[in-house]
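No value in this document is a laboratory result; all are computed from the given coordinates. If you're wondering where the values come from, they're calculated on a predicted model, not measured in any experiment. Please note: Cβ atoms are built from the backbone with ideal geometry, for glycine as well, and neighbour counts cover all protein chains shown.
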Amino acid sequence: MAPLKLVSSGELWIRAHMARLPFFLLVVVFAVAPRDASALTRRDFPEGFVFGAGSSAFQVEGAAAEDGRKPSIWDTFTHEGYLNDGSTADVSADQYHHYKEDVKLMHEMGLDAYRFSIAWPRLIPDGRGEINPKGLEYYNNLIDELILHGIQPHATIYHFDLPQVLQDEYGGLLSPRFIEDYTAFADVCFKNFGDRVMHWVTVNEPNIETIGGYDIGSEPPRRCSYPFGENCTGGNSSAEPYIAAHHLLLAHASAVSLYRDKYKATQGGQIGITLLGWWHEPATNTSQDAAAATRMNDFHIGWFMHPLVYGDYPPVMRIRVGDRLPRLAEEESAKVRGSFDFVGFNHYLILRVQSAEIDSAQKLGDYYVDAAVQNPLQSIAEGQIESPPWALGKLLDHLKLNYENPPVIIHENGDGDAPDTPSAIEYDDEYRSEFLQDYLEVLYLSIRNGSNTRGYFVWSFLDVFEFLFGYKLRFGLCGVDMNADGRTRYVRSSARWYSSFLHGGELRPPVHSDRPYVV
């Protein structure tokens, strides 16, 4: 599924900003632009800028019932058949058994860093209490292997895979007990891996997990209420997304406080959070839709960025959600504000937003009714996907202008395809190389114009189990034959293209290989 290409990325980004820049600033823009964006090399990026690729535990590890691992809410969800194709992540790319060859591939590709997550159900299978020695051994081995090959480990502590036992015991994210259990899990991670892991992410995409799991009910734990979702296990779409998000925010702040108080002085690492960074644009040229897109960016990005930077939820959310939006006590506000060394963003696409002011007779709504927009996720369901690279520039501008230009790492950016035959082996993925080149050009221009972006990770290093898409959608720089018992890896042309750039070559159109090799 290739992105919609409009014109060249650098041209798009500049055009998008020309209309609102005075002449003297335009001179500055063109003065700092490279002679040719397509001639960029990695040396044009700031010193210390990190290039990598990523995955997450549930999506890549496999070994779902091996060596003491117990189910997460995503295991339950897939085993109950809620994906249309009935797929599970029981084996997936099986990195649990193939991490050494994977790290060798990363080294050969020239990655600076690998972003992965630590599976809570593997490390502490019962959610709290005893550490699983086999889980501890696996993550120690993976981290050691990365460092042996000169690759920075960037570890995410919580990436959607809540232990099912905690969901059953007290409702998972809906209970403040989650904060205590999560902090204890983070403590285990810091204590056992923090001597080698210098980059920590507390929580991945809390601004979408809460919508899918507690509003629409399309993801575990499948909670929603009619008419905002159907066939759920119970729930309240008007309140629960905000409660779950509040507890994730407080859990994040708790882990950051723990790390800074107990570990940072001796371990010297950095810690942050990663948000989904969809960009919202008006569906039409009307002022109503323009206002709706602005509101939606506040709801989507500001939901977490505003408390992280200013200590409270965005004013527009306070007004529109009212008492359903939890309050941050003075002590909580102080703990949340500034609780990051960096903020990660996973950016893929834009969503077109149409205003939908609520009927005055409607007393309660869900997240999208509160934002007074028509649910933009429907466009994704209908296959109307736009990935214009200039949207990344707009996102970074938004962070610079509205949130004090925080240190940013692009933790996920990539292009997926959905082949007619899911098992087909695909070596030539020129569209993916072009996608990445276009985004790197925009990223470079954004940094030159003041964005505080410090890293870029391709999603994904390997083909993995994709949340909600199973194996129908593939994002890997390296492919995985999911039908082979040994989950054979093979190197796509995009991996070769990225490797050329990482080893000092210029950004240039991808070179096709007549003889791709298999690992």
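Once backbone amide H atoms are built at 1.01 Å from N, HIS199 has ALA155, GLN270 as its partners under 5 Å, excluding neighbours fewer than 5 places away on the same chain. For GLY229, the shell of other residues with beta-carbons less than 12 Å away shows a net charge of -3, using +1 for Lys and Arg and -1 for Asp and Glu. How are the alpha carbon pair distances in region 68-120 distributed across 10 Å bins from zero to the largest one, expressed in percent? Spelled out bin by bin, region 68-120 gives 19, 40, 28, 13 percent.
Extension gain for ALA290-LEU468 works out to 61.1 nm (0.36 nm per residue, less the C-alpha to C-alpha distance).
Annotation: extensible slack from GLU180 through LEU377 equals 67.6 nm (criterion: 0.36 nm per residue apart, minus Cα-Cα distance). Take every Cα-Cα pair in region 374-474 and report what % of them are more than 22 Å apart. Summing the P(r) of region 374-474 above 22 Å gives 42 percent of all pairs. Helices in the chain, meaning DSSP H runs of at least 4 residues, each add -39500 (n - 2.57). Divided by all residues, the mean residue ellipticity at 222 nm is -11500 deg cm²/dmol. For HIS280, what is the net charge nearby, where nearby means another residue's Cβ is under 9 Å from its Cβ and Lys, Arg count +1, Asp, Glu -1? After counting each charged neighbour, the total is +1.
With a Förster radius of 41 Å applied to the C-beta separation of ARG318 and LEU502, the computed FRET efficiency comes to 0.40. Among the cysteines of the chain, those with no neighbouring cysteine Cβ under 4.7 Å are CYS189, CYS478. When the C-alpha to C-alpha distance is required to be over 19 Å, the pairs from LYS191/LYS264; LYS134/LYS264; LYS262/LYS335; LYS134/LYS191 that qualify are LYS134/LYS264. Spin-label pair ASP261-ASP187: with each label point 7 Å from Cα along the Cα-Cβ axis, the two points sit 1.0 nm from one another.
Let a ≥ b ≥ c be the square roots of the eigenvalues of the Cα gyration tensor of region 303-440; is it rounded (a/c under 1.5), or, if not, prolate (a/b larger than b/c) or oblate? Oblate shape, in that a/c is at least 1.5 and b/c is the bigger or equal ratio.
Once a ≥ b ≥ c are taken as the square roots of the eigenvalues of the Cα gyration tensor of region 245-301, is the result rounded (a/c under 1.5), prolate (a/b larger than b/c) or oblate (a/b not larger than b/c)? Because a/c hits 1.5 or more and a/b exceeds b/c, region 245-301 counts as prolate. Between THR421 and ALA39, the distance separating the two model label sites (each 7 Å from Cα on the Cα→Cβ line) works out to 4.4 nm. Per residue, the convex hull spanned by the alpha carbons of region 118-177 comes to 78 Å³.
Using only the Cα atoms of region 260-370, build the gyration tensor, take square roots of its eigenvalues as a ≥ b ≥ c, and label the shape rounded, prolate or oblate: rounded if a/c is under 1.5, else prolate if a/b is larger than b/c, else oblate. Oblate.
Close amide H pairs (under 5 Å, H built 1.01 Å from N) link GLN152 with ALA113, TYR114, residues at least 5 positions away or on another chain. P(r) tail, region 43-187: Cα-Cα pairs separated by more than 18 Å, 59% of all pairs.
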